[in-house]
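Okay, structure first, notes after.
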Amino acid sequence: MTQNLSPIAVVHTAIADYRAMDAAHSAALDKFVDDHGNVRDCDLSYYDEDRFTHALAADDQLERLIRALTEAFGLPTDRPVTVVGQWYRKFEVTPGRLDDAAREAFTSGQCHALALALHEATGWPTTALLVAECFGDGPMCTGLGADECPCRIDHIVVTRPDGAQVDITGAHAPGAVPDYEGAPALAMTEAHWEAIRSTPTWRDPDMPVARTFVAPLLASLTDAPVPTPA
């Protein structure tokens with residue numbers, strides 16, 4: 001949406017769009033107001049309903065604005081930003097800084113975002129690490145066999161051409177990812193991704209933040225073969 005716009009054009013577009021929305025909302029609410037500027041008692045419930053609808057529209061526009069500003073200017077690298085993880089836990093992560101805060105956020109609810117970002121950059125396939133029993137939303141299994149049900153997915157990595165499984169903590173031999181030692185692996189398909197995208201059990205992937213960790217993570221990886229677990 002903003003790829004062909006300069007940063008200042010993005011800001012000016014946002015200002016113009018907001019003013020247009022605000023004018024439309026104000027005009028729509030005028031019908032509930034008397035000559036003194038007060039909302040008529042008989043119209044108060046309708047006024048509140050319209051205000052709520054307008055607030056939702058404003059929320060949507062704010063989300064689009066932040067996405068456009070992020071595309072135009074990038075994320076700050078001198079201060080933390082908030083990332084939402086598992087169980088709506090909030091993490092304060094400095095974009096591009098590969099530290100303990102980043103490792104915790106991208107192993108506690110945003111591993112899928114990093115896997116997608118790594119896949120975008122390298123083409124390496126995404127791989128799910130499974131738990132034995134379904135966790136969360138059983139209907140995710142619709143159309144897939146029990147052994148492939150996305151409700152068993154506990155962590156998502158990418159698989160390097162040499163077989164190493166890569167996540168925010170580094171490159172590991174198959175079956176040796178920290179906290180997931182011995183976990184069965186399953187190649188992710190579009191059906192698995194669609195199931196994840198459609199369930200609240202998984203957070204929306206925070207791709208803008210995840211992408212900032214691709215370069216430092218790849219630079220930190222060694223080209224030496226990953227040892228096979230004993």
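The values are calculated or read from the model by the stated rules, or taken from the named source; none is laboratory data. The model shown is predicted, which means the values in this text are computed figures rather than measured ones. Ideal geometry is used to build each Cβ from the backbone, glycine not excepted, and the neighbour counts take in all protein chains shown.
Results for (1) of a type in the set (A, V, I, L, M); (2) more than 30 Å from L65 (Cα to Cα); (3) surrounded by fewer than 12 Cβ atoms within 10 Å (Cβ to Cβ); (4) at pLDDT below 95, shown as yes or no for each residue.
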residue	(1), (2), (3), (4)
V177	yes, yes, no, no
A191	yes, yes, no, yes
E194	no, no, no, yes
T199	no, no, no, yes
R203	no, no, no, yes
D206	no, no, no, no
F213	no, no, no, no
L218	yes, yes, no, no
T222	no, yes, yes, yes
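Consider the range 86-121 and keep the residues that are surrounded by 14 or more Cβ atoms within 10 Å (Cβ to Cβ) and more than 14 Å from F213 (Cα to Cα). The one that is modelled with the highest pLDDT is F91. Among the residues of the range 66-85, those that are part of a helix (DSSP H, G or I) and exposed (fewer than 15 other Cβ atoms within 10 Å of the Cβ) comprise I66, R67, F73.
Counting only strands (runs of 3 or more DSSP E) that sit completely within the range 152-225, those holding 2 or more residues that are within 17 Å of the chain's Cα centre (by Cα) and within 28 Å of P76 (Cα to Cα) correspond to 153-159.
Please work out which residue is surrounded by the most Cβ atoms within 10 Å (Cβ to Cβ), limiting yourself to the range 151-172 and to residues that are farther than 14 Å from W124 by Cα and at pLDDT below 95.
Taking the range 151-172 and keeping what is farther than 14 Å from W124 by Cα, we get 151-155, 168-170, 172.
Those left that are additionally at pLDDT below 95: 151-154.
On the way: C151: 22, R152: 22, I153: 25, D154: 15.
The selected residue is I153.
Among the listed residues A58, A20, A24, which satisfies the condition of being surrounded by 13 or more Cβ atoms within 10 Å (Cβ to Cβ), of a type in the set (A, V, I, L, M) and either out of contact with any helix residue (DSSP H, G or I) (no Cβ under 6 Å at 6 or more places or on another chain) or more than 19 Å from P208 (Cα to Cα) (or both)? Of the residues listed, the single one that is surrounded by 13 or more Cβ atoms within 10 Å (Cβ to Cβ), of a type in the set (A, V, I, L, M) and either out of contact with any helix residue (DSSP H, G or I) (no Cβ under 6 Å at 6 or more places or on another chain) or more than 19 Å from P208 (Cα to Cα) (or both) is A58.
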